[in-house]
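**Q** The following block contains the structure, expressed as structure tokens.
The values are calculated or read from the model by the stated rules, or taken from the named source; none is laboratory data. Quick caveat: nothing in here was measured; it's all calculated off a predicted structure. All Cβ positions, even for glycine, are placed from backbone atoms using ideal geometry, and neighbour counts span all protein chains on display.
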Number of protein chains: 4
Amino acid sequence: MDYQAILEEIHEEIKPEIGRGKVADYIPALSSVDPQQFAFSIVTAEGERYNVGESDKNFSIQSISKLFTFTLALDIYSRDLYKRVGVEPSGTPFNSLVQLEYEQGIPRNPFINAGALVITDSLITHYHDDYKAFERIINFIRDISDDPTVSFDPEVSTSEMDHGFRNLSLAHLMKSFDNLDNDPRTVVQTYFKQCAMSMSSEKLARAMLYLANGGTDPLTEKVYITPQQTRRINAVMLTCGHYDASGEFAFHVGLPGKSGVGGGIVAVVPGKMGICVWSPALNKYGNSHAGTLALEKFVEKTGLSIF
Amino acid sequence: MDYQAILEEIHEEIKPEIGRGKVADYIPALSSVDPQQFAFSIVTAEGERYNVGESDKNFSIQSISKLFTFTLALDIYSRDLYKRVGVEPSGTPFNSLVQLEYEQGIPRNPFINAGALVITDSLITHYHDDYKAFERIINFIRDISDDPTVSFDPEVSTSEMDHGFRNLSLAHLMKSFDNLDNDPRTVVQTYFKQCAMSMSSEKLARAMLYLANGGTDPLTEKVYITPQQTRRINAVMLTCGHYDASGEFAFHVGLPGKSGVGGGIVAVVPGKMGICVWSPALNKYGNSHAGTLALEKFVEKTGLSIF
Amino acid sequence: MDYQAILEEIHEEIKPEIGRGKVADYIPALSSVDPQQFAFSIVTAEGERYNVGESDKNFSIQSISKLFTFTLALDIYSRDLYKRVGVEPSGTPFNSLVQLEYEQGIPRNPFINAGALVITDSLITHYHDDYKAFERIINFIRDISDDPTVSFDPEVSTSEMDHGFRNLSLAHLMKSFDNLDNDPRTVVQTYFKQCAMSMSSEKLARAMLYLANGGTDPLTEKVYITPQQTRRINAVMLTCGHYDASGEFAFHVGLPGKSGVGGGIVAVVPGKMGICVWSPALNKYGNSHAGTLALEKFVEKTGLSIF
Amino acid sequence: MDYQAILEEIHEEIKPEIGRGKVADYIPALSSVDPQQFAFSIVTAEGERYNVGESDKNFSIQSISKLFTFTLALDIYSRDLYKRVGVEPSGTPFNSLVQLEYEQGIPRNPFINAGALVITDSLITHYHDDYKAFERIINFIRDISDDPTVSFDPEVSTSEMDHGFRNLSLAHLMKSFDNLDNDPRTVVQTYFKQCAMSMSSEKLARAMLYLANGGTDPLTEKVYITPQQTRRINAVMLTCGHYDASGEFAFHVGLPGKSGVGGGIVAVVPGKMGICVWSPALNKYGNSHAGTLALEKFVEKTGLSIF
């Protein structure tokens, strides 16, 4: 298939939709991003790269980072991880406290904020220190994106912390249920640092390769997790990767994917490729408007749905 | 792959688990079923059939019927159907009223009871009559299972009606929100009749073929729905097919599937086969205990996960 | 105190507020009522009567009837009644299903619809028949209002039944939790008949005397319930009598009271008098707008709050 | 009435109940309290004092303090206070986040923890400083109890802070909804200090006199709030003073009252007296078991219910 031609076709068709929706505005560092941006990148298991748009422009990966910390925690804790976080869709917005209270501090899945906080907490516990835990996170992301320069934007993470009251509320609630080992502020701070990682769509598509290839990077041959663990991460992405619109995404796109409020969406075609699309303006569910539509077009044109 | 050998291996391994859990006991017709039964059937897109256990024994298909009425309604109403029922996982038990009330009578998806009632209501409206609607449902199921003798068990449906207070509550609630066209009792009665269809695992595996083959029966070449509609039904099965354990099922099995309280679970491997497993004793989520484990083993042994 | 002068003063002051708000519009029989009506009646324990406005005009007593069936059921079942219905404020709208489902079919109190349905069901069970139960209800109301002609409006009750889907939903839900003895439709029908009782503000003020006088009618000396039961009914009126605005009513008025969507509000000053105010236009909580304000003024002018 | 005789009679009758239930155990400072203690104190508007049991033994007033900060805030902000906190019963446990999230950070009433935190926050804002705000609180309590030595127990407040994750969660949630002016930790800390006030039942009964007397201390003639404000505080006590058992308390006791997990319950008979009963072991609702029963007996014996 001529992926480059397909991406260009999508880019052309999607233009009227770019900038529609609303850029995340809860912190200045995100609200000032130009909504008129778009990128679509593919990296195949053979290492071929296809890009359109601003595919080398860095953006804040935000919740996409949850995928990477989930991978690290699953590798460390294996099944034991599921004592502290479930794998069910939440049926409620990503940062809701209702279900968390009703379910005694056990978050529904690793992709709602509460779940991601538990995952980060588990890494801090394992590495005995929040700095070491974050070092491990950043090194892992550098590894899978095959780029040792990838880093985080301290302006973003500081700004998140200044407005992070709801995440602090979630963290304290879980602490009250004994489902957080470390100081809630430390956990939230580390979490905001991982969310503030800056990456381009090309790097993120590259970083997804291990999930398209049974847990092993097909280019470097580094083994990160088992094929079974990989399938399971992909399953959780499909059922829970887009907050309260996960069903819609499975329904319209049909690929395991994960979005972030920075406007990025990553996805995998198992066995074939890593994908990243980026456009900062979000739909009402908090997922990239143009990005979601572009992925829908991609699946229609290529037939690469898993269904 | 030698599917027959794999099924026999699974049958052997699963024996200690058969009968564990609890047979549905809310109506006598279901509670009297012998829990020590098990069947596993595969029908491939080429028409090959593989069976182990009591694969020709009829059981009550119950919620599996929701898949077939969803197909009919999607064919009739297309996108308009989604004005009356969503495609998101519910995050709450299959017959909960909470979310339905909060979301103004629009059920989360076609596989929770409320959603299935709306679907059945839409068929009654289309066929102007509950008997004609049910005739259409039964004929469709006969068609896809390629067996004109398939029928429903009136003892089961009558018994359901005698204990159907919660479904009547759901139906009246949706009626109060104007999301039911017809008399709530009539809708519930028709719904219980579709649930009371009696089929064997072999027939159900056969009936799933159109969903494994883009909406067209690969053996009879009858076209039921479009490939896109098929992908979407499969996506909804994956995210919502197992009530409050849909995430677990996607996580452990990784195939689009739908369970019923009669102990049946159907699934598809897109492009390849229809599957049905049956064992009456249920786990705490209301899904067949041995059936779920058998499917998990099947995916492990064959690698046929969609992820 | 010159109650007549006070009522006239209130009538004068309240005029700009009469008709503000919205007449109940869920059934034609209620929506056609002229909103520009107002009445305020007092009957003291000594039998003195004070009236202003259309105090002899009959209106639909609606939920005020819950007070009378609660009295009858308490007399019959005593403490056992509280196994089936609580005495706590609900914190949610009067006809919500959420709490009822969460609390396993046990309604929070006798004044939300679910609670009133349980009460009516208990009367049908006691009298072995819905007609006899309703006869008892109507005779009790005739007794306490000292008027053998008081009756119900069949047009209203029939119209309620045609639009009663939510109450039918509540009744079926409780039936599914085994907290309803009789057929849900029969219970709802009887409930709608009690709600359709037609009474004037003067008759209702008269009917409240037994609650102002420890359970004994001070004029006829008939004993209905014990002083302790009376205090408890009054307490439930204070904490739960105005749906989701019960706190507001206690806060602003400070008298045990019960409202109905027909625009009536009854109240008692323990030891002193029965009160009824009526004006059909309702505030956002479903309580009479002018009626609530008039009672607030009454308490301000007389200091007759229980606090 | 011979109050002393009545109190002694109650003391005798209540003995088998003292110690039944469970002492608050979430912090060491409370869990080590001897459950076999009981006190009952009355101070009349004329200044007569009646006591039984350990009526001069100090205990942690805990949530009873919410009454005093509510008084101060109502005096400062008047009606404007109700923009930030409601007066409706919550229908859910005292520290639930569900309703708070659903209602956008506006607590239901000043007596659930969230509401009390908002009240304390409003005092910190008014006095520009948490130390000054707390100084005002402590001085007010010294004033109304007519005892300049009343103080707080720093061991209790420090211990609360160490286990205060749920209150920190509530505070951060309200901050995220912009319903907290000050730093959430500072607010929670000040709140824990007010809860850690140590007082005897006699002092608390004395402190309630202004609420039994229209806002003016009948002995010192100091005016704290208006009669109308007093009636309203009493109304909120009645409808919301005992968490999720407020209806039960109104039903069984029928007096405006407020309980604390230290085992104290204060109440007023409007126009007549301030009351405090204390016994550390709590019932399942978190209210003093023996204390609640003792008050019930008091009302039965004296007929001093407001209903």
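**Q** What single numbered condition from (1) more than 18 Å from the chain's Cα centre (by Cα); (2) in a strand (DSSP E or B) fails to hold for residue B:42?
**A** Going through the list (1) more than 18 Å from the chain's Cα centre (by Cα); (2) in a strand (DSSP E or B), residue B:42 breaks only (1).
**Q** Report yes if some residue within the range D:221-234 is free of Cβ contacts under 8 Å to residues at least 60 places away in the same chain and more than 30 Å from residue C:243 (Cβ to Cβ); otherwise report no.
**A** Yes, there is a match, as at least one residue in the range D:221-234 is free of Cβ contacts under 8 Å to residues at least 60 places away in the same chain and more than 30 Å from residue C:243 (Cβ to Cβ).
**Q** Considering the range C:152-161 alone, what residues qualify as being away from chain B (no Cβ under 14 Å), of a type outside the set (D, E, K, R) and in a helix (DSSP H, G or I)?
**A** C:154, C:156, C:157, C:158, C:159
**Q** Another question about this same structure. Quick test of your reading of the structure: residue B:90 fulfils all but one of (1) touching a residue at least 12 places away in the same chain (Cβ under 8 Å); (2) in a loop (DSSP other than H, G, I, E, B); (3) away from chain A (no Cβ under 14 Å). Name the failing condition by number.
**A** Among (1) touching a residue at least 12 places away in the same chain (Cβ under 8 Å); (2) in a loop (DSSP other than H, G, I, E, B); (3) away from chain A (no Cβ under 14 Å), residue B:90 violates only (3).
**Q** Output the number of the condition that residue D:271 fails; it satisfies all remaining conditions of (1) under 21 Å from residue C:239 (Cα atoms); (2) facing chain C (nearest Cβ under 10 Å); (3) of a type outside the set (Ser, Thr, Tyr).
**A** Here residue D:271 clears every test but (1).
**Q** Of the conditions (1) assigned to a helix (DSSP H, G or I); (2) touching a Leu at 6+ places or on another chain (Cβ under 9 Å), residue B:305 clears all except one; give me its number.
**A** It is condition (1) that residue B:305 fails.
**Q** Now, a different point. Looking at residue B:138, is it in contact (Cβ under 8 Å) with a residue 24 or more places away in the chain and either small (Gly, Ala, Ser) or surrounded by 22 or more Cβ atoms within 10 Å (Cβ to Cβ) (or both)?
**A** Criteria not met by residue B:138.
**Q** I would also like to ask the following. From the set of residues in the range C:275-291 that are crowded, with 24+ Cβ neighbours inside 10 Å and not in a strand (DSSP E or B), which is nearest to the chain's Cα centre (by Cα)?
**A** C:287
**Q** Across the range D:173-232, which residue is farthest from residue D:273 (Cα to Cα) among those that are within 14 Å of chain A (Cβ to nearest Cβ), among the hydrophobic types (A, V, I, L, M, F, W, C) and assigned to a loop (DSSP other than H, G, I, E, B)?
**A** Among residues in the range D:173-232 that are within 14 Å of chain A (Cβ to nearest Cβ), among the hydrophobic types (A, V, I, L, M, F, W, C) and assigned to a loop (DSSP other than H, G, I, E, B), the one farthest from residue D:273 (Cα to Cα) is D:177.
**Q** Just checking, which of B:203, B:193 is out of contact with any Leu (no Cβ under 8 Å at 6 or more places or on another chain), basic (Lys, Arg) and more than 30 Å from residue B:48 (Cα to Cα)?
**A** After ruling out the rest, the residue left standing is B:193.
**Q** Taking residue A:60 and the conditions (1) away from chain B (no Cβ under 14 Å); (2) over 19 Å from residue D:165 (Cα atoms); (3) more than 18 Å from the chain's Cα centre (by Cα), which numbered condition does it fall short on, given that it satisfies the others?
**A** For residue A:60, the failing item is (3).
**Q** Can you confirm whether residue C:133 is closer than 20 Å to residue C:70 by Cβ, away from every other protein chain (no Cβ under 14 Å) and either at pLDDT below 95 or part of a helix (DSSP H, G or I) (or both)?
**A** In short, yes.
**Q** Tell me, yes or no, whether the range A:65-79 has at least one residue that is assigned by TED's automatic domain parsing to the domain that holds residue A:109 and either modelled with pLDDT under 95 or not in a helix (DSSP H, G or I) (or both).
**A** The answer is yes, given that some residue of the range A:65-79 is assigned by TED's automatic domain parsing to the domain that holds residue A:109 and either modelled with pLDDT under 95 or not in a helix (DSSP H, G or I) (or both).
**Q** Within the range A:213-241, count every residue that is within 15 Å of the chain's Cα centre (by Cα) and of a type in the set (A, V, I, L, M).
**A** Of the residues in the range A:213-241, 5 are within 15 Å of the chain's Cα centre (by Cα) and of a type in the set (A, V, I, L, M).
**Q** So residue D:97 ticks every box in (1) crowded, with 22+ Cβ neighbours inside 10 Å; (2) under 24 Å from residue D:232 (Cα atoms) but one. Which box is left unticked?
**A** Answer for residue D:97: the failing condition is (2).
**Q** Give A:239, A:302 a once-over and let me know the one that is farther than 20 Å from residue B:256 by Cα, within 14 Å of chain B (Cβ to nearest Cβ) and of a type in the set (Val, Ile, Thr).
**A** Matching residue, one of A:239, A:302: A:302.
**Q** Filter the range C:162-172 for residues that are farther than 30 Å from residue C:56 by Cα and either more than 9 Å from every other protein chain (Cβ to nearest Cβ) or surrounded by 24 or more Cβ atoms within 10 Å (Cβ to Cβ) (or both) and give the result.
**A** The answer is C:167, C:168, C:169, C:170, C:171, C:172.
Quick grid of which residues meet (1) closer than 13 Å to residue B:278 by Cβ; (2) at pLDDT 95 or above:
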{"residue": "B:8", "(1), (2)": "no, yes"}
{"residue": "B:11", "(1), (2)": "yes, yes"}
{"residue": "B:25", "(1), (2)": "no, no"}
{"residue": "B:37", "(1), (2)": "yes, yes"}
{"residue": "B:40", "(1), (2)": "yes, yes"}
{"residue": "B:44", "(1), (2)": "no, yes"}
{"residue": "B:48", "(1), (2)": "no, yes"}
{"residue": "B:52", "(1), (2)": "yes, yes"}
{"residue": "B:55", "(1), (2)": "yes, yes"}
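**Q** Looking only at residues in the range A:213-256 that are under 14 Å from residue B:250 (Cβ atoms) and among the small types (Gly, Ala, Ser), which one is surrounded by the most Cβ atoms within 10 Å (Cβ to Cβ)?
**A** Only one residue tops the list, namely A:250.
**Q** Mind telling me which of the residues C:213, C:182 ends up being at pLDDT 95 or above and either more than 27 Å from residue C:295 (Cβ to Cβ) or in contact with a His (Cβ under 8 Å, 6 or more places away or on another chain) (or both)?
**A** C:182
**Q** Another one. Tell me yes or no: at least one residue of the range C:157-180 is over 29 Å from residue C:32 (Cβ atoms) and in the same structural domain as residue C:33 (by TED's automatic domain parsing).
**A** No.
**Q** Which of the residues that make up the range C:69-92 are among the aromatic types (Phe, Trp, Tyr) and surrounded by 22 or more Cβ atoms within 10 Å (Cβ to Cβ)?
**A** The answer is C:70, and nothing else.
**Q** As an exercise: evaluate residue B:188 against (1) in contact (Cβ under 8 Å) with a residue 40 or more places away in the chain; (2) touching a helix residue (DSSP H, G or I) at 6+ places or on another chain (Cβ under 8 Å); (3) outside the structural domain of residue B:103 (by TED's automatic domain parsing) and give the number of the one condition it does not meet.
**A** (3) is the only condition that residue B:188 fails.
**Q** Every residue in the range D:242-263 that is assigned to a loop (DSSP other than H, G, I, E, B) and within 11 Å of chain C (Cβ to nearest Cβ), please.
**A** D:242, D:253, D:254, D:255, D:256
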